[in-house]
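Shown next, in C-alpha cells, is the structure this report addresses.
The values are calculated or read from the model by the stated rules, or taken from the named source; none is laboratory data. The structure displayed is predicted, hence computed values, not measured ones. When we count neighbours, we look across all protein chains shown, and the Cβ atoms used for this are built from the backbone with ideal geometry, even at glycine. Ligands, DNA and RNA are stripped out before the accessible areas are found, and what is left, the full protein with its side chains, is counted by its heavy atoms. Shrake-Rupley method; radii C 1.70, N 1.55, O 1.52, S 1.80 Å.
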Amino acid sequence: MKNLKKLMAIILMLVSVLFFACNNDEEKDPLTTEDAKIALNDLGTQMAADMEEMMNADGMKTIQLLNSLNDPFAPATVKSGTRTSVLPNIEKFLIPSLKKDLQKSAIAVSRFVFEEWTGTYTWDNELGLWNPEDQPNDRIILKFPSDSANMDVNDATLTILNYQEEMFVDDEMYEYYQPTAISADLKVNNVLIVEITFTASWTATGEPETLNTSVYLNPFTFSGGLIVGTTSGAADFAINYNSNKLLSTGIDATFTDATKEILKQISGYIQYKEVKVSASINVSNIMAIFQELETNPSAYATPEELINAINDEINAKITKDGALVAKIELVLATGMDPEFPVDIVLVFSDGTTEPAQPYFVEFASSIEGFLDYLEEYFN
C-alpha cells in the first residue's frame, strides 16, 4: 500500500503541477530526437527572460511606486501605514497569474466606497501627502511621480473609472476586501502604459466563482477568464507580447460532487510560444485501478502491467507548431526505489526515453507563480 500511495502522489503531481491540455494539435511529422531536445532546452531560458521583462515593465514599476506612497484614501484618524484595498488590489490583478495569494488583501480600515472618493489627488513630495480636489465627480484621478529618482515631478496619472469590492473575514477574523469590478488606466507623460478591466464574483468564503480580466501592461496584454460550476471548473489565460502570443494556458476539470474535493477528469494545456504541453487525464479511472488493487492485490500480474494500465488513462504530449516533440508517460523506476516506484519520462519519435524533469526545471521555476494561481482556484 505504501508504494501505491507513492504512485498516486505522482499521478496527482502530473495533474496539479503540469496542467496539461486537451486541445487538438494539427498533425505533423514528429520532430527528430535531436531537434526535440533543442526545443526543450531553449524553453526555460527564453521563458525566464520574458518573465523578467514583464515584471520590469514600466507600468508595473510605476504602480509599485504608487503603492509605496501614503494611501490617499486612508482616513486621517488612523495610524500611519494603514491602507485601503483599492490600490493594492489594482496592482495584484495587473498580473494575477504571478501572484500566489489572491485571497488576502491589505486589511482595510473600512469599505472603500468609490462614489465617496471621486476627485483629483495630487502628490506633494515636499510635504509627503496628497492634495485633494472635489472634481471630477465621476472618477478618481491620482497625479504622482513615475520615477523614484525624480519625486518632485508628477508625470504619472492613474485614472480609476470604477472600483467596487466586497468584504470577507478570514480564519483569524481579519477583514479583507476582494474586488468585484475594476476599470482604470495609467498614463506617463500622457502615454498609455497600463489599462485594466476586471470583473469577478466570489463565494461567501472569498473564493472566486467567475472572473474576467483584460490588462494592457505595455508592451504586454494579459487576458483571462474563470468560471466555477457546481461540479466543474474551467479557466483560460493568455499573455501577448507586442500582439504576439507569448504564453497561454487552459484547464477544464470535473469533480465527483459539489465539494470539489475529488477530481473526476482534468484536461488542459500550457503553451509558451510554439511549444505546448498538453494532456487529458481520466482521474476517476485511475482511482478505480487503485481501488481494485486494494481488494485484489494480484489484479495486475506485473508492475509494468499496472503502469501500462495507468498510462492508458493519460494522454500527454509536447508539441511544437503542431509537430510532436515527445509523448509523456510513466515508467517503472530503475532499481524500483520503494519510496518512489515510477518516473515521468519523455518518449521521443525514435522510441528513446529520457527523464522529463531536467527539461522542465527552469521552465517550471519561471512560471511557478502562474501555476500556483490556477492551482489556488482548483484546490
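Mean separation of Cα pairs under 8 Å and 6+ residues apart, divided by the residue count of the stretch 132-223: what relative contact order is that in percent? Don't jump to the answer; show the numbers that get you there.
On the way: 179 pairs, mean separation 16.6, N = 92.
After rounding, I find 18 percent.
Approximating the spin labels as points 7 Å out from Cα along Cα→Cβ, the residue 354-to-residue 332 distance works out to 2.5 nm. Spin-label model, residue 304 to residue 124: label points 7 Å out along the Cα-to-beta-carbon direction sit 8.1 nm apart.
Take residue 198: with every protein chain present and a 1.4 Å probe, its accessible area is about 0 Å².
Per residue, how much accessible area does the stretch 215-332 show when a 1.4 Å probe rolls over the protein heavy atoms, in square angstrom?
Details: 5230 Å² over 118 residues.
Per residue, the stretch 215-332 has an accessible area of 44 Å².
Spin-label model, residue 261 to residue 223: label points 7 Å out along the Cα-to-beta-carbon direction sit 3.8 nm apart. Between residue 203 and residue 149, residue separation times 0.36 nm minus the direct Cα-Cα distance comes to 15.2 nm.
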